[in-house]
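Here is the structure we will look at, set down as structure tokens.
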Amino acid sequence: MVKGMNPTIFSYFCSRMNNRTMTHHKIRVRFAPSPTGPLHIGGVRTALYNYLFAKQQGGDFILRIEDTDSSRFVPGAEEYIQEAFDWLGLPFDESPLKGGNYGPYKQSQRREIYKQYVNALLDKGAAYIAFDTPEELEIQRAETANFQYDASTRDKMRNSLTLPAEETDSLIKSGTQYVIRIKIDPEQEIVVDDMIRGKVVINSSVLDDKVIYKSADELPTYHLANVVDDHLMEITHVIRGEEWLPSAPLHVWLYRSLGWEEDMPQFAHLPLLLKPEGNGKLSKRDGDRLGFPVFPLQWSDPKTGEVSSGYRESGYLPEAVINFLAFLGWNPGTEQEIFSLSELVQAFSFDRCSKSGAKFDVEKAKWYNHQYILEMSDTDLAKQFMPVLQEKGISASTAKVEKAVGLVKERVHFISELWDQSYFFFIAPTTYDEKTVNKRWKEETPGQMQQLTELLEGMDDFSAANQEKTVMDWIQQNQYHTGNVMNAFRLAIVGAGKGPHMFDITEVIGKEETLRRIQQAISTLP
Ligand code: GLU
């Protein structure tokens with residue numbers, strides 16, 4: 001048994017070993033955000049890839065909240081994360097809300113667990129206590145260019161390796177603040193096996209003796225908590241953003257020091273999301289500058305009250321956001337661009353993830369939303385459009401709204417745009433577009449419109465097809481100019497030279513309303 005190691009921990013090590021080697025193969029991945037503000041869309045992409053991989057492998061998708069840095073804690077951020085995934089339709093198998101067999105799922109509730117492992121590392125001699133004050137470290141940095149706390153410098157510093165044991169003990173007893181550093185042996189090979197980047201080998205001498213615990217807040221730092229939790233939660237694959245790649249060698253070292261190297265998860269570091277121009281990381285400022293959200297849901301900063309837009313509030317459909325994000329860093333290797341979530345689960349693979357950053361493309365995001373609006377049934381689309389109509393004080397039958405949205409959905413990227421494309425189905429024009437009037441409302445027009453009124457009045461079957469046949473025959477018999485007549489007709493019905501097929505509009509608004517609008521145009525226009 002390791003000298004000084006707590007017997008419960010030792011037997012725990014042994015039981016885990018057996019567990020892993022004998023029975024444990026289930027794929028388990030985690031999304032591990034820190035609740036420091038709204039979740040960036042890049043984080044959502046990371047979570048999505050975790051989800052796709054886990055579900056493809058019949059595995060579990062876990063949410064772990066990494067809140068050990070209390071100075072960066074932001075109220076509401078955790079709730080925001082949960083709400084965002086509810087909206088997106090990416091359910092967690094285990095989470096702080098849902099619970100599970102590996103909890104607690106919030107690091108702030110796991111303090112005692114980390115302490116055990118920090119102690120185990122100290123007992124093994126794999127970590128040591130350091131008392132250097134910030135000022136002392138500053139002096140070293142000023143004296144030595146590129147100073148780093150490591151094998152080449154640690155014996156000049158004030159730590160449990162250089163001080164007599166009694167002094168270390170008495171310093172701790174007297175309440176002196178200290179940190180615990182991991183002891184990185186120099187000139188060792190560290191291999192990070194990454195599913196996207198392949199094997200990355202680095203020399204341990206480039207690493208510094210990172211702080212893994214601070215006495216001041218009695219908490220481990222990110223690195224230790226992250227590794228301990230991945231191990232205890234039996235995470236098999238660590239899939240995260242490229243910004244964590246530089247931490248991976250240290251994490252491998254921690255696994256090794258804790259005696260868990262055999263059980264180390266497989267890493268996959270995802271490419272960055274880049275600015276639309278491709279130069280650098282996508283930021284909130286890019287979103288503000290170019291008018292697109294970088295957060296899944298709207299967020300109001302609890303301190304400043306500043307509001308940042310979200311995909312949900314901007315009218316994006318969750319399915320479109322998922323499809324769009326899946327393609328930022330992955331492609332199926334075929335022409336297919338529209339994928340449902342379950343198709344993505346089937347098709348996803350790390351082999352087809354790119355190593356280089358993915359440029360954010362707003363137009364593509366809108367295009368996806370358009371595609372998903374087209375895929376929606378008119379019934380569902382009408383349901384979503386109803387509140388907009390209600391807000392405008394319009395009451396219309398469901399059947400009418402369904403027909404109207406069906407006729408204009410081709411033309412919109414967002415549900416909110418449906419009104420501009422369809423208002424004339426619900427309200428008669430009160431003004432007429434001047435340019436169109438000058439161009440289309442001629443001297444002979446009122447007379448022709450009067451004849452048209454009489455023609456339509458006599459019709460029993462007011463279907464678009466029958467109207468079209470009747471009106472076209474009439475135009476031909478009188479040798480009228482089709483364009484002139486039809487454009488004036490449109491001006492009378494719509495108030496402008498736009499909209500879907502003319503007779504589709506009049507079929508939906510009905511005979512009575514059609515005739516009323518023509519009369520109104522005749523009496524209003526010159
Ligand atoms: N807490 C880290 C973050 O906020 C987790 C990184 C990881 O997945 O290991 O992204």
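Tabulated values for the structure
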| quantity | calculated |
| --- | --- |
| Odd one out for I139 among (1) under 20 Å from I235 (Cα atoms); (2) part of a helix (DSSP H, G or I); (3) open to solvent by 40 Å² or more (accessible area, probe 1.4 Å) | (1) |
| Criterion (surrounded by fewer than 17 Cβ atoms within 10 Å (Cβ to Cβ) and assigned to a helix (DSSP H, G or I)) met by exactly one of E443, E410 | E410 |
| Long-range neighbours under 9 Å by Cβ, at least six apart or interchain, first residue within 10 Å of the ligand (Cβ to nearest atom) and open to solvent by less than 10 Å² (accessible area, probe 1.4 Å) within segment 35-52, second small (G, A, S) and assigned to a loop (DSSP other than H, G, I, E, B) | P35/G76 |
| Selection status of G333, more than 30 Å from Q384 (Cβ to Cβ), without any contact (Cβ under 8 Å) to a residue 40 or more places away in the chain, open to solvent by 40 Å² or more (accessible area, probe 1.4 Å) and among the small types (G, A, S) | yes |
| Within segment 244-264, considering residues that are within 18 Å of V29 (Cβ to Cβ) and under 24 Å from the mean Cα position of the chain (by Cα), the one nearest to the ligand (Cβ to nearest atom) | W244 |
| Given (1) closer than 30 Å to R158 by Cα; (2) in contact with a strand residue (DSSP E or B) (Cβ under 8 Å, 6 or more places away or on another chain); (3) part of a helix (DSSP H, G or I), index of the condition S205 fails | (2) |
| Every residue from segment 413-435 that is open to solvent by less than 50 Å² (accessible area, probe 1.4 Å) and not in a loop (DSSP other than H, G, I, E, B) | I415, L418, W419, S422, F424, F425 |
| So I373, is it of a type outside the set (F, W, Y) and farther than 20 Å from P91 by Cα | yes |
| In segment 23-32, the residues that are within 14 Å of the ligand (Cβ to nearest atom) and surrounded by fewer than 24 Cβ atoms within 10 Å (Cβ to Cβ) | R28 |
| Subset tally (residues that are within 16 Å of the ligand (Cβ to nearest atom) and either open to solvent by less than 20 Å² (accessible area, probe 1.4 Å) or farther than 26 Å from Q177 by Cα (or both)) for segment 201-241 | 21 |
| Residue selected from segment 53-66 under the condition surrounded by 21 or more Cβ atoms within 10 Å (Cβ to Cβ) and among the charged types (D, E, K, R), by the criterion farthest from S34 (Cα to Cα) | K55 |
| Segment 141-191, residues that are in contact with a strand residue (DSSP E or B) (Cβ under 8 Å, 6 or more places away or on another chain) and among the hydrophobic types (A, V, I, L, M, F, W, C) | M157, L161, I172, V179, I180, I182, I190, V191 |
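The values are calculated or read from the model by the stated rules, or taken from the named source; none is laboratory data. Small disclaimer: the values here were computed from a predicted structure and weren't measured. Positions of Cβ are backbone-derived with ideal geometry, glycine not excepted, and every protein chain shown enters the neighbour counts. To get the accessible areas, we keep the full protein, side chains included, count just its heavy atoms, and leave off ligands, DNA and RNA. Shrake-Rupley method; radii C 1.70, N 1.55, O 1.52, S 1.80 Å.
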